[in-house]
Amino acid sequence: MYTALCAAALLSTSAHAANVSVDNSSGAWLGFMNVFELPANGGGFVFGSGWGIGDLVSEFDDGAGTLTMSPNTIGDPDPFWYQGGGAPGAAGNKIMEANLFLQVDDDSLAGQTVTFEGMIDSNSFTAAHESFIFIRDFAPDFSSFNETIVAASAGAFSISLDTDAGLGRHVQYGFQVKGENVWVTDTAPFGNMVISTVPTPASMALLGMGGMMMARRRRNA
């Protein structure tokens with residue numbers, strides 16, 4: 001009887017908790033960029049919009065099992081983006097907040113304690129850029145959200161958020177890099193962040209099938 005009660009309690013607890021990790025490039029990653037004026041120009045919000053993963057200066061290397069995030073660059077030399085116009089050595093004219101994340105919209109995480117875990121292999125960003133790990137739980141119309149957000153540093157991480165049980169909410173988890181935009185040839189001195197990735201379950205299944213096929217070929221050789 002005691003064993004049955006313990007098992008029931010464990011099932012009840014696990015039904016309200018979900019662990020997520022850092023998928024590799026096969027995951028349904030999304031990008032969003034928020035743009036602000038420099039603090040010297042008032043620091044006001046300029047605009048926000050969806051951006052491609054590459055435009056966030058984020059790069060997956062599935063062979064090495066890594067995701068690298070670097071300072072944001074803009075190829076447009078317009079003075080809107082760079083003080084005096086874009087060119088090597090030009091100072092950025094905006095603060096860029098690059099958000100790279102996975103988003104769950106099917107209510108499967110609603111009302112659960114979501115824990116986002118992973119490993120940051122290295123973080124060499126200078127003081128010019130901030131980097132964060134986050135979980136966000138948005139209202140259906142994105143008008144408000146709850147979040148857990150912590151500064152990123154090298155090593156293992158684990159953060160959690162109790163999500164709202166309401167229907168139609170959007171749960172996001174991922175990484176943010178914020179700082180002045182940098183001309184493309186000038187990024188190296190500002191550092192980067194390298195994060196370990198793991199294949200999505202579907203990718204792992206395909207890898208497993210590939211291994212089985214190879215084994216069969218060896219046996220038939």
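Read-outs throughout are calculated quantities, based only on the coordinates presented, and are distinct from any laboratory measurement. Computed from a prediction, not measured in an experiment: that's the story for all the values here. Because the Cβ atoms are built from the backbone with ideal geometry, glycine has one as well, and the counts that use them run over all protein chains shown.
Here are the numbers for this structure:
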quantity: Rotationally averaged projected area of segment 18-214 (alpha carbon convex hull; nm²); calculated: 12.4
quantity: Sequence of F132, F47 once ranked by neighbouring C-beta atoms within 10 Å, starting from the fewest; calculated: F47, F132
quantity: Relative contact order (%) - criterion: Cα under 8 Å, at least six apart; region: segment 19-64; calculated: 37
quantity: Which of I135, I74, I149 has the fewest Cβ neighbours within 10 Å, and the rest in rising order; calculated: I149, I74, I135
quantity: Proximal charge balance of V177 [Cβ under 13 Å; K/R count +1, D/E count -1]; calculated: -4
quantity: Ranked E130, E97, criterion: other C-beta atoms within 10 Å, fewest first; calculated: E130, E97
quantity: Residue-span extension gain [S160 to F145] - 0.36 nm each, minus C-alpha spacing; calculated: 3.9 nm
quantity: Segment 18-214 - percent relative contact order, Cα under 8 Å, separation 6 or more; calculated: 30
